[in-house]
Every structure is written in C-alpha cells, then in structure tokens.
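A short worksheet on the structure shown next.
Just so it is clear, none of the values below were taken in a lab; they were calculated from the coordinates. None of these values were measured; they are calculated from a predicted model. Here Cβ is always computed from backbone atoms with ideal geometry, including for glycine, and neighbour counts include all displayed protein chains.
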Amino acid sequence: SGLITIDPGYKNTGSTKSAITFLDGEQGILRYRGYRIEDLAEKSTFLEVAYLLIYGELPNQSEYEKFSREVTTHTLVHEDIKKILDGFPSNAHPMGVLSSLICSLTAFYPNSLDPNRSAEDVNLSIVRLLAKMPTFAAWAYKNEVGHPVNYPDNSLDYCSNFLKMMFALPAENYDVDPVVAKALDQLLILHADHEQNCSTSTVRIVGSSHASLYASISAGINALWGPLHGGANQSVIEMLEAIKADGGDTKKFLDKAKDKNDPFRLMGFGHRVYKNFDPRAKIIKKAADDVLAKLGVNDPVLDIAKELEEAALNDPYFVERKLYPNVDFYSGIIYRALGIPTDMFTVMFALGRLPGWIAQWKEMRENNEPIGRPRQVYTGANERDYVSINKR
Ligand code: CMC
C-alpha cells in the first residue's frame, strides 16, 4: 500500500481516455465531439446532439430521420409500470421515482442483463432509454400532483411531447408553446454531457462490472440527485427564495457562504474543473433574459440572482478561489418560467444528461475497460483477538 496515492474525490485522477467531450476549465471551453457548445446550443437540436454524443458524428438527414423515428416509436412504456408508479406516495421526490422506473426496465427487458448481447440489442436499449425517459419524467410529476398520466404523442418533437405529457389535462386543450419547447431543447443540449463528472463516473463504474445499461443509468440518476451535483439547480432556487423571504439582503448570504463554521455554500457557484466562467452558465444567463422576456414573465428572483452573482464576482473570497456561476445558477429560473416545478429541476438535468451517460457507457464497454476498483490505504485497528460478548 506504500505505492498507493490517495486522491480523495479523485481531484487529480484520470479514470479513462475519452473521445466524447473536451473541457478546458482554465479557459472555460466545452465541446462535444469537437463541436463548440455555443454553436450546438444555437443551431442544433437535442436529439441531434444525442446522436452526435452517442454515435460520434452529426447525423445526415436520413440518419436523423431514422433515429428520431426510432426514438418516437419507443415512447410508450409497459402498462404494468403504471402499477409501480401507483405504489409511490405522492410526496415521493421525482428523482427517486425516475431512477426506480428506469431500473424497472431491467425486468421488462431481461435481455439487457446479458453482457454479451449483440450491438443491435444494445442499440435498442439506447433508443428505449431516450424514448421512455420523458414519459417516466412526466409521469413522476403526474404522480406527485395526483393527475392522470398522459400517453406520449408521437406526432410531436421530443421536447413538445414531454411538455404535453407534463401539462396537458384531460378536460382541457393543451397546445405546446413553441417558445417553451425551444427553450427546453436548448437547456437539454447544454446539459447533455460533461465528461467524467460524479454521475457519469458512476454510470461508467457500475457498467464496468458489466451491469446492464438500464441499471447503470439508474445509478447515474441517483448520483446526480445530490445537491453538490445536479441537485444544485433545485437548491439554487430554494436559496434565492430564502434570500427573497429574508428581505433580499444578498450580502448576508454571501457572508454566510464565506463563513467556514457555517455549512451554507453559495449554490450554483464553484466547479471542480472550471476555474473560469462555465460556458454553459454564460449561455443560460442570456437565455434566462430572453425566455422570460418572450414569455412576459417577471421573476424577482432573477434580479436577486444577478445581484448575488455581481457581488460574488467582486468579492475577494470568490475571486481568490476562482468560484464562478455554474450551469445550475440560472437554469432553474428558466425552468420555473417554463412552468416546471422546483422538485422537477434535477429531473430536467437527468433528461438532458441521458445521452452523455449513454455515450460514456457505450465507450467504456466498446473499449473493454476493466472493472472500476479503486484502492485504499487502511487506517483501522491492527490485528487483535476476538473477545466474546460477555467479556466486552
Ligand atoms: N460557496 C462557498 N465556498 C465555496 C463554494 C461555494 N459554492 N464552492 C467552493 N467553495 C470554497 C470551498 O469552501 C473551498 O474553500 P477553502 O479552500 O477555503 O477550503 C474552495 O472554495 C474549493 O472548494 P472545494 O469544495 O474544495 O471544491 P470541489 O471541487 O471539491 O467542489 C463543488 C466543487 C461544485 C462541489 C463546490 O464548488 C460546491 O459545493 N458548489 C456548490 C454546489 C453546486 O453549485 N454544485 C453544482 C456543480 S456544477 C454542475 C453539476 O455538477 O451539477
């Protein structure tokens, strides 16, 4: 064990080579398969980006049509899954519901447990995941609010179908607002991959034992849930609301975040890799202004967020530590303007990250990577004799 280097949190440990996402944290650069995130966010669509991440190239027209047709064909889920959903109390957090429903796919498609199944069969799992995740996500929400679930509408694009399943009620007409669908599509693109983050590393490490793709993705969803990772988008809005309820004194909260005896952190700030502006945060900040203006929404927490950002960027504590707003800082404000409830924000992140998780799992298996198994340095008791219970 003398040869083992301990690196808690793997801050300086490379776990793999990867050809999927390039990230330069010093300069604030992010590219998927070589394409700039700024270009993809402006010009592409989420399904196209999913194809790019998973298969390595942007699809041509016929590849794209085939892929979106396949994804659309598999949006329905087995009716018995509704029984699983019914078993959850209505106050269940939708992230727990989502990871459970995704994991239940291992039971509905037991072929997926075979580590040696054909590439076509693996591809079918990939398509099913992309197709069914929006259905599960919307159903998790319906379970929470006690409304009947909506079935997918395959005449709609990916995001419009999701929004309709989320918000349509049987007694009312529901037309998807194209501004909302476009804004959601852009947010999903921005979340689609981020190399070896906590949830992606989880997906790869679970998959490295040759566990099924569905089980690996389910584990990734759970890793994403925590407030230091994807759960931060929910925590940011809760923090902004708390500042508002407290009278709007941003300085007070900044001081709390700087106080090492206080566990409070400025949510949506700081990043393991970015020591500069998170390029996604830049795009999302601008999108927040655009989307709220287009929808005619005036959200006072947007002003609080901007004031907080400005104060932090000029505060020596944050400057010295190179803490900048990350992807989660402004995304929740947009989700909220789109009508998405706070506890669904991390589900939105999961929906966006899905193609990245899939691409990373596929790369790991295709490269035949060994099982993930870190080492440790033991610090416990030396060898000692067993003492029977009546002598302890
Ligand atoms: N507020 C106050 N202080 C902070 C913050 C923050 N948000 N983030 C980091 N610091 C301080 C930290 O206390 C430490 O100070 P010191 O050197 O005096 O001990 C220093 O900055 C370095 O931080 P760290 O915790 O060692 O850095 P890390 O790479 O282990 O953690 C992080 C990265 C993202 C978990 C952390 O910055 C954090 O907790 N941020 C708030 C939660 C958040 O927004 N998470 C979303 C991350 S981005 C998207 C995603 O993954 O979902």
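Using r as the Cβ-Cβ distance of Asn116 and Ile371, and R0 as 22 Å, what FRET efficiency do you calculate, to the nearest 0.05? Before the final figure, lay out each step's value.
Numbers: r = 16 Å, r/R0 = 0.72.
Once the sixth-power term is evaluated, E becomes 0.90.
Quote to one decimal, in nm, the extra length available between Asn261 and Tyr55 on full extension: 0.36 nm per residue of separation minus the C-alpha distance between them. Present the calculation step by step, with values, prior to reporting the outcome.
Values: separation 206, 0.36 × 206 = 74.16 nm, distance 4.74 nm.
Result for the pair: 69.4 nm of gain on full extension.
Mind checking which aspartates and glutamates have their C-alpha under 13 Å from Lys132, skipping anything on the same chain fewer than 8 residues away?
Filter leaves Glu70, Glu79, Asp153.
What order do you get for Arg373, Arg392 when you list them from fewest to most C-beta neighbours inside 10 Å? Walk me through the intermediate numbers first.
Details: Arg373 8, Arg392 5.
Exposure proxy ranking, most exposed first: Arg392, Arg373.
Counting other beta carbons within 10 Å of each residue's own, what order do Ile284, Ile237 fall into, fewest first?
Details: Ile284 26, Ile237 23.
Lowest to highest Cβ neighbour count: Ile237, Ile284.
If you take the beta carbon distance between Asp24 and Asn298 as r and set R0 to 41 Å, what does 1/(1 + (r/R0)^6) give as a FRET efficiency, to the nearest 0.05? Could you put the intermediate results ahead of the total?
Working: r = 37 Å, r/R0 = 0.89.
Using R0 = 41 Å, I get an efficiency of 0.65.
Using only the alpha carbons of the stretch 261-392, what is the convex hull's orientation-averaged projected area in square nanometres?
Values: hull surface 63.1 nm².
Hull-based average projected area comes out at 15.8 nm².
Which of the aspartates and glutamates could a cross-linker bridge to Lys252, judged by Cα under 15 Å and excluding same-chain residues fewer than eight apart?
Counting by Cα, and skipping residues close in sequence, Lys252 has these aspartates and glutamates nearby: Glu241, Asp262, Glu307, Glu309, Glu310, Asp315.
In what order do Ser209, Ser199, Ser160, Ser90 fall by count of nearby beta-carbon atoms within 10 Å, going from fewest to most?
Values: Ser209 12, Ser199 26, Ser160 20, Ser90 9.
Placing the least packed residue first, the sequence is Ser90, Ser209, Ser160, Ser199.
Under 23 Å Cα to Cα from Lys11, which lysines show up? Leave out anything in the same chain fewer than 8 places away.
Result set, ordered by chain and number: Lys258, Lys260, Lys275, Lys322.
Can you tell me what percent of all Cα-Cα pairs in the stretch 177-316 are more than 27 Å apart? Numbers along the way, then the final one.
Details: 3175 of 9730 pairs.
The proportion of pairs with Cα distances above 27 Å equals 33 percent.
So how far, in whole Å, is the C-alpha centre of the stretch 240-269 from the one of the stretch 178-214?
29 Å
Return the sequence-ordered ³J(HN,Hα) values of the stretch 124-134 in whole Hz as given by the Karplus equation 6.51 cos²θ - 1.76 cosθ + 1.60 applied to θ = phi - 60°, using x for Gly and Pro.
My calculation for the stretch 124-134 gives 5, 4, 4, 5, 4, 4, 4, 6, 8, 4, x Hz in order.
Taking Cα centroids, how far is the stretch 330-392 from the stretch 41-82 in Å?
With the stretch 330-392 and the stretch 41-82 each reduced to a Cα centre, they are spaced 26 Å.
Could you calculate the contour length gain from Val319 to Asp39, that is, 0.36 nm times the residue separation minus the distance between their Cα atoms, to one decimal place in nm?
Net length gain for the segment: 97.9 nm.
Collect residues whose amide H, placed 1.01 Å from N in the peptide plane, falls under 5 Å from the amide H of Tyr324; neighbours closer than 5 in sequence don't count.
Distant-sequence amide H within range of Tyr324: Gly270, His271.
Once you keep just the Cα pairs under 8 angstrom separated by 6 or more residues, what percentage relative contact order results for the chain?
Working: 527 pairs, mean separation 92.4, N = 392.
Relative contact order for the chain comes out at 24 percent.
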